[in-house]
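Data first, discussion second: the structure below is written as structure tokens.
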Amino acid sequence: MVGTISASEGISTNELQLALRNSGMPLEALRWPLTPPGLHYLLCHYDIPMVDVDAWRLELTGRVAQPAVFSLGELKQRETVTVPVTMECAGNDRARMTPRPVSQPWLGEAIGTAAWTGTPLAGLLREAGVSEEGTEVLFTALDCGIEGGIRQAYARSLPISEALEADAILAWGIGDVALAPQHGFPLRLVVPGWYGMTHVKWLRQVTVLDAPFDGYQQTQGYRIRDSPDEPGEPVTRILPRALMVPPGIPDFMTRRRFVASGTHRLEGRAWTGWGEVTRVQVSVTGGERWDDAELGDAVGRHAWRGWSYVWLATEAGDYQLACRAWDSAGNVQPLEPQWNLGGYANNAVQRMAVTVTAG
Ligand SMILES: Nc1nc2c(c(=O)[nH]1)N[C@H]1C(S)=C(S)[C@@H](COP(=O)(O)O)O[C@H]1N2
Ligand SMILES: [Mo]
């Protein structure tokens, strides 16, 4: 979803159309360790395919000693794991960039955590015997569309090392419930720690390649670059982010928050695809002064962890709250967005306008 840039116009009808198809997670749902069904964010480039599961097969092919074809029933006979994974769209918070990259206009809500159930990808690949020449694994989906003028089936590749070592899952469910059509029924890829575009839904083929995949979603989409003439850098793992549950109650239109003066326990969650979250800070002065928040346990090795902070909101008035996370790789959230053409990987700190009312 590489688009044009809009310097000043409001959201167009085209963007609104995308925004209505692709829902975000309302931030109050940060309260749940596992995002309740239907509240996980959603992003589909094209149409949601309707799949006849009896006819459906997964093909494993390319540079492997033993190509294979699996029915869903056959995959379910294999080793089965359920792993909580926090997923975030690479375009999350894109609409806060200036000039605004025109695409799905996310604010900060393109997130969710689900306990994905499926079989480890690594086991399947090892069993098939990846040949020496294998360098990447390509995941091809059933959904098709036209993007950047190119007709395509949605497809993305992963380096072979990540395909074998990132704890990737071929998932057919969330918990013990089958995938919903919009989340990839009957089978999707889940790659913990990687931005959403990697988690290919509606899988039909897994192909071990001996050369870099040059498809649109690899070489045109999901590149960090300032102009379409540059090749840019690929979008890979999720940068750290902390988000807070909006405190108090909202104004209907503006979503500005209202809380009564007194002591408030702010809470939220933080995650990263680069190791683990090591620190979260909160500011009630719009980023002037920061205090450490208290960290809770992670929901899983590949999922967000809770944080909380006690705010003594004794004085009535207008405040700007903010929070930011650090990770074990030394990344910290920037105070301002770092612009790029596609509006990817914007992990600038969240800011929230809150009015404290007397009594
Ligand atoms: N086949 C296919 N897989 C896909 C997509 C898609 O459009 N088609 N969208 C990707 C993107 S950009 C994201 S952010 C995630 C979203 O997964 P979700 O809708 O289950 O939250 O799916 C990824 N997998
Ligand atoms: Mo995405």
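The values are calculated or read from the model by the stated rules, or taken from the named source; none is laboratory data. Keep in mind that this is a model prediction, so the values were computed, not measured. Here the Cβ positions follow ideal geometry from the backbone for every residue, glycine too, while neighbour counts run over all protein chains shown. Heads up: the accessible areas ignore ligands, DNA and RNA and are worked out on the full protein's heavy atoms, side chains in. Shrake-Rupley method; radii C 1.70, N 1.55, O 1.52, S 1.80 Å.
Things worth noting here:
- Per-atom-type breakdown for the chain gives carbon and sulfur 53% of the accessible area (1.4 Å probe, protein chains only).
- HN-Hα J in Hz across the stretch 299-306 - Karplus 6.51, -1.76, 1.60, θ = phi - 60°, x for Gly and Pro: 5, x, 4, 10, 10, 4, 10, x
- Burial order of peptide ranges 108-116, 170-178, 142-150 (average beta-carbon count within 10 Å, highest first): 108-116, 170-178, 142-150
- Amide hydrogen proximity for GLU136: with H placed 1.01 Å from N in the peptide plane, the residues at 5 or more positions away or on another chain lying under 5 Å are ILE160, LEU209, ALA211.
- Spatially, the stretch 235-287 and the stretch 128-159 are offset by 36 Å when compared through their Cα centroids.
- Of ILE238, ILE160, ILE11, the residue with the largest accessible area leads and the full order is ILE11, ILE160, ILE238 (1.4 Å probe).
- Across the stretch 114-131, computed HN-Hα scalar couplings (Karplus, 6.51 cos²θ - 1.76 cosθ + 1.60, θ = phi - 60°) run 10, 8, 7, 10, x, 10, x, 5, 4, x, 5, 5, 4, 5, 6, x, 5, 6 Hz from first to last residue, x flagging Gly and Pro.
- With every protein chain in place and a 1.4 angstrom probe, the accessible-area ranking of PHE70, PHE139, PHE258, largest first, reads PHE258, PHE70, PHE139.
- Highest average first, the peptides 339-351, 53-65, 191-203 ordered by how many other beta carbon atoms sit within 10 Å of their residues are 191-203, 339-351, 53-65.
- Accessible surface, the chain, averaged per residue in Å² (probe 1.4 Å): 45 Å²
- When the P(r) is computed for the chain, the part past 38 Å accounts for 18% of the Cα-Cα pairs.
- Going by accessible surface with a 1.4 Å probe and the largest first, LEU43, LEU158 read LEU43, LEU158.
- Only protein heavy atoms count here; under a 1.4 Å probe, TRP106 has an accessible surface of about 10 Å².
- At R0 = 35 Å, FRET efficiency that the Cβ-Cβ distance of LEU107 and GLU59 yields, to 0.05: 0.35
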